[in-house]
Every structure is written in structure tokens, then in C-alpha cells.
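Single-structure report; data block below.
The values are calculated or read from the model by the stated rules, or taken from the named source; none is laboratory data. None of these values were measured; they are calculated from a predicted model. Cβ placement follows ideal geometry from the backbone for every residue including glycine, while neighbour counts extend to all protein chains displayed. These accessible areas exclude ligands, DNA and RNA; they are computed on the full protein's heavy atoms, side chains included. Shrake-Rupley method; radii C 1.70, N 1.55, O 1.52, S 1.80 Å.
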Amino acid sequence: MSTSFMNADSSIVVDEGVSERIPGAAERWMADMRRVYAECADWTMDLGGEQFTVRVLDPADDPAEPLKVEERFGDGALMRTMLAGAAGQQARITTLLLRDGDRALELTFRSLAGEPGEPEAAGLAAARAAFLDLAPARFLGRTAR
């Protein structure tokens, strides 16, 4: 099951997918994704003939605090933020992968990166944090913190 949401001006797009996997597949998928993020800190993509770089932020330096989010859910969670595109037009893509037994949640929050310290960046960070509280709680059948 996959769902996408966006705000009125499309400055925030959220993709949410939940899947049921064969026994053991969700755990292997998480291990594979951990390896991918560890081995691929950046790469180049070609989109419509235009090339741009995607860079994975070091989780310790990420203002979204992925390590704290992962800590809330244990080893069944992996969160990383990527920056894509040229400076001034950079997109911020935050992905949370969450496993509960053989079920998997893939949550992606995309927006412009915003300049640190500007009100727009703070608003985007607050929206991302709220969604990262609600969607995993719903997936796990819990109330948000």
C-alpha cells in the first residue's frame, strides 16, 4: 500500500508505503539498506538529461537527528537525510525505514532544503518532525509521543 501527500504549494511531498514481506525478508531488507547507506555517501543521478549529485548527510551532523529517531524504535529503524541538486535549489529528502516483524514502512519526506536559520527552514523542520512522530506511531499501532 502506498500513499502520497503534498501541501497546497507542493513545497512538501510525503510518500508513505507499507508492505508485508515473506518471513525474514524485512530484516534482510533493513540490513541491505544499512549497507547501502554506509557504502554510498554520494552519487550522481541523471534526470531529464541534467546531472546532479545526491549526498547522504552524516547522521551525527543531521539537524533531523536520525540517530535519536532510530533509538526510539530500536534496530528495526533506519533514517537518513539526503541533499540533492545545486546550492540554492537543493532538495532535502529524509527517509525513515521501519520494520515491525515482516511488515515494513518506507516514509520519505521531500522539500526544499531551506537556508539554516531562516523561518522557512524552521517550518519545514517542524512539519517533518510532526510527520515523523505520527506515521511510525500509526504503523506500529501506538500513540505519538
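Below are the figures for this structure:
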{"item": "Given charges at Cβ of Lys, Arg, Asp, Glu: the chain dipole, positive-most of GLY85, GLY48, SER4", "result": "SER4"}
{"item": "Amide H partners (placed H, <5 Å) of LEU57, local residues excluded", "result": "THR81, MET82, LEU83"}
{"item": "Spin-label model distance (nm) - GLU20 vs ALA127, 7 Å beyond Cα toward Cβ", "result": "3.4"}
{"item": "Residues of the chain: accessible area per residue with a 1.4 Å probe, Å²", "result": "59"}
{"item": "Ellipsoid semi-axes in whole angstrom, largest first, where each is sqrt(5λ) of the Cα gyration tensor of the stretch 1-87", "result": "24, 18, 16"}
{"item": "For the chain, size of Cβ-based charge dipole, Lys and Arg +1, Asp and Glu -1, in debye", "result": "460"}
{"item": "The chain - percent of accessible surface contributed by carbon and sulfur, probe 1.4 Å", "result": "53"}
{"item": "Angle in degrees between helix 119-140 and the longest Cα principal axis of the chain, rounded to the nearest 10", "result": "10"}
{"item": "The chain, relative contact order [Cα under 8 Å, separation at least 6], %", "result": "22"}
{"item": "Relative intensity, log₁₀ I(q)/I(0), of the chain from a Debye sum that treats every alpha carbon as a point, q = 0.11, 0.18 Å⁻¹", "result": "-0.43, -1.16"}
{"item": "Distance (nanometres) between label positions extended 7 Å along Cα→Cβ at ASP102 and SER10", "result": "3.9"}
